[in-house]
Amino acid sequence: MKPNPFKLERYFAEYEFSVPHLLCCSDCESVSIQELLNLEPTAQDAFLDLHLGYTESLGSPALREAIAQLYSHNRAEHILAHAGAEEAIFNFMHVMLDPGDHIIVHSPCYQSLADVARGIGADVTEWPADADRGWALSLDFLADHIRPHTRVVVVNFPHNPTGYLPDETFLQELSVLSDQHGFVVFSDEVYRGLEYDPAHRLPAFADINPRAVSLGVMSKTYGLAGLRIGWIATRNERVFAQMAQFKDYTTICNSAPSEFLAALALRHRETIVARNLDIIQNNLDRLDAFFNAYPDGFEWQKPVAGPIAFPRYRGSSIDRFCRRLVEHAGVLLLPGTLYQQNLNCFRIGFGRQDMADGLAKWDAFMQANPDVAG
């Protein structure tokens, strides 16, 4: 396999640790190890006594049990831990696809969801979200593009980068199509739990369809990217066994300290998520005010879940705008062209506490450069 360069990661490699204001981060505010250990009175002593030998390849029993609490029909034996979501995507695509197979991918998307398949030699059809309908997907489009050798359909809800979330009827109809045509749904759910209205939270797709695979990770909803812990949940015994075997050639097993801390965080997920949702809501109020002040410059579609959104730039070139903003104001946005050519949008992230400072710098830049609006 020879994958294409990862555009988003190369972009972050250039700027992430040198730019003062990151307004495009996809994760939530993180915490220290001490803050996690403070969640349980005995956690610090247990952490310091932790044995640093190899861990179980499937994930520690404590971690898998904690993850299983996120699901209705998937128990600990249906959970396979990975080193972040990226490894899980990579392994899933390799066990599911051969050269010449067909996969349909919700688009725009995190590049791995499409390009790992392309690197394998699969034929990828992008399933376009409709910006004019709030970034919704059409099931008619999907039905029209299914082929006899369609092996996988990839969806991502809540969606990166738009924050779109369908209703449960959509998921049920997608499940029916999966059963009728035999493809496996790979459901990227790394932002699940960050719905602004809990009534909008969807079931995990692996709870709806027993052949489906749900993807989760500690980095997004929980803000714990440094743990590098992700997982898949599935009742599909064949896929689970093949992914477990394939993992022997990637990480084999995870970091023991990371698994301990991830399990601890998940046992207290309500506290962590409530804090992150509070940060998100405060920042959304700021963004509403900002975009209302510049209607000629941007088209703002407020998301319904997650810490990211995908406004449209009304000017001629989002790449030029983002470049000027980072060079003159030290504010980093993510141009939509890193997701898909000709997307004159940008990803903005609002899951961190320091967003107000960057937004003030952006506002000053807009006032000093009226030519960038429209």
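The values are calculated or read from the model by the stated rules, or taken from the named source; none is laboratory data. Since this is a predicted model, take the numbers as computed values, not measurements. Note: ideal-geometry Cβ built from the backbone for every residue, glycine included; neighbour counts use all protein chains shown.
Data overview
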read-out: Residues within segment 178-206 that are out of contact with any Cys (no Cβ under 8 Å at 6 or more places or on another chain) and more than 23 Å from H94 (Cα to Cα), tallied; value: 13
read-out: Residue among A364, A368, A360 that is out of contact with any Phe, Trp or Tyr (no Cβ under 8 Å at 6 or more places or on another chain), of a type in the set (A, V, I, L, M, F, W, C) and modelled with pLDDT under 95; value: A368
read-out: Check on D144, modelled with pLDDT of 95 or more, over 19 Å from the mean Cα position of the chain (by Cα) and more than 21 Å from V116 (Cβ to Cβ); value: yes
read-out: Residue that is surrounded by the fewest Cβ atoms within 10 Å (Cβ to Cβ) [pool: residues in segment 251-299 that are charged (D, E, K, R) and not in a helix (DSSP H, G or I)]; value: D296
read-out: Subset of segment 199-248 (residues that are surrounded by fewer than 17 Cβ atoms within 10 Å (Cβ to Cβ) and either β-branched (V, I, T) or more than 20 Å from N156 (Cβ to Cβ) (or both)); value: A199, P210, G226, E237, R238, A241, Q242, A244, Q245, F246, D248
read-out: Filtered residues of segment 175-207 (kept if closer than 16 Å to L139 by Cβ and more than 20 Å from the chain's Cα centre (by Cα)); value: S175, V176, L177, S178, D179, Q180, H181, F183
read-out: Residue match in segment 88-102 (condition: closer than 30 Å to L142 by Cβ and part of a strand (DSSP E or B)); value: yes
read-out: Qualifying residue in segment 115-130 (condition: touching a strand residue (DSSP E or B) at 6+ places or on another chain (Cβ under 6 Å), in contact (Cβ under 8 Å) with a residue 12 or more places away in the chain, buried (at least 19 other Cβ atoms within 10 Å of the Cβ) and within 21 Å of S219 (Cα to Cα)); value: no
read-out: When residues of segment 60-71 are limited to those that are under 21 Å from the mean Cα position of the chain (by Cα) and of a type outside the set (K, R), the one surrounded by the fewest Cβ atoms within 10 Å (Cβ to Cβ); value: Q69
